[in-house]
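Below is one structure, written out as structure tokens; comments come after it.
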Amino acid sequence: MMDLVWLLAKDAFWSSIPAVGFAMLFNVPPRMLKYCAMGGALAHSLRTLLIHYGMPIEWATLTAATTVGFVCVYWSRRLLAPRPVFSVASIIPMIPGSYAFKAMIAVVELNISGVTMDLIQSAVENGLKALFIVGALSFGLAIPSLVVYRNRPII
């Protein structure tokens, strides 16, 4: 149990850094950066916790992105700031860079050393995993807005 708590604490710390960095890159006001850090830490730590208990990474990502999306809707109403200020920076630590990288390396290896079933399997498996994770991130951020603002007029 203590190992899990330590893992989640480290995960929260290290995932808050890219969230703040991305927010700073897009000129988020300094008083909002702590919320971006908390959102990134919450999202990635929740995903890590769900994966630890056996949930597939795609579903864990969807759950974490949806949860942080609802939290960001609350923060945006409370702080009178646009929701994407918090939500987009909060999901940045969950971008599937390693899966996309492994897929691209497999595709390059296919070109260099020829076609093998192992390389095709690696390229397809990692590419689809990266695609589904990105889809889960986008749907996870869209769901809270659709639920909370469903009665709002279009114009």
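The values are calculated or read from the model by the stated rules, or taken from the named source; none is laboratory data. Worth saying up front: this structure is predicted, and the values here are computed from it rather than measured. Ideal geometry is used to build each Cβ from the backbone, glycine not excepted, and the neighbour counts take in all protein chains shown. SASA here: full protein model, heavy atoms, side chains in, ligands and nucleic acids out. Shrake-Rupley method; radii C 1.70, N 1.55, O 1.52, S 1.80 Å.
Here are the numbers for this structure:
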{"item": "Test result for Ala89, modelled with pLDDT of 95 or more, aliphatic (A, V, I, L, M) and not in a loop (DSSP other than H, G, I, E, B)", "result": "no"}
{"item": "Residues of the stretch 96-155 satisfying the condition of being outside any helix (DSSP H, G or I) and out of contact with any helix residue (DSSP H, G or I) (no Cβ under 6 Å at 6 or more places or on another chain)", "result": "Gly114, Val115, Thr116, Tyr149, Arg150, Asn151, Arg152, Pro153, Ile154, Ile155"}
{"item": "Qualifying position, being among the β-branched types (Val, Ile, Thr), open to solvent by less than 30 Å² (accessible area, probe 1.4 Å), closer than 19 Å to Ile57 by Cα and touching a residue at least 24 places away in the same chain (Cβ under 8 Å), among Ile143, Ile91, Ile95", "result": "Ile91"}
{"item": "Subset tally (residues that are surrounded by 19 or more Cβ atoms within 10 Å (Cβ to Cβ) and free of Cβ contacts under 8 Å to residues at least 24 places away in the same chain) for the stretch 1-32", "result": "0"}
{"item": "So Phe70, is it within 20 Å of Gly135 (Cβ to Cβ) and either open to solvent by 40 Å² or more (accessible area, probe 1.4 Å) or modelled with pLDDT of 95 or more (or both)", "result": "yes"}
{"item": "Residue match in the stretch 45-60 (condition: touching a Leu at 6+ places or on another chain (Cβ under 7 Å), open to solvent by less than 70 Å² (accessible area, probe 1.4 Å), modelled with pLDDT of 95 or more and aliphatic (A, V, I, L, M))", "result": "yes"}
{"item": "Tally, over the stretch 125-149, of residues that are over 13 Å from the mean Cα position of the chain (by Cα) and at pLDDT 95 or above", "result": "5"}
{"item": "Meets criteria (crowded, with 16+ Cβ neighbours inside 10 Å, within 11 Å of the chain's Cα centre (by Cα) and not basic (Lys, Arg)) for Ser76", "result": "no"}
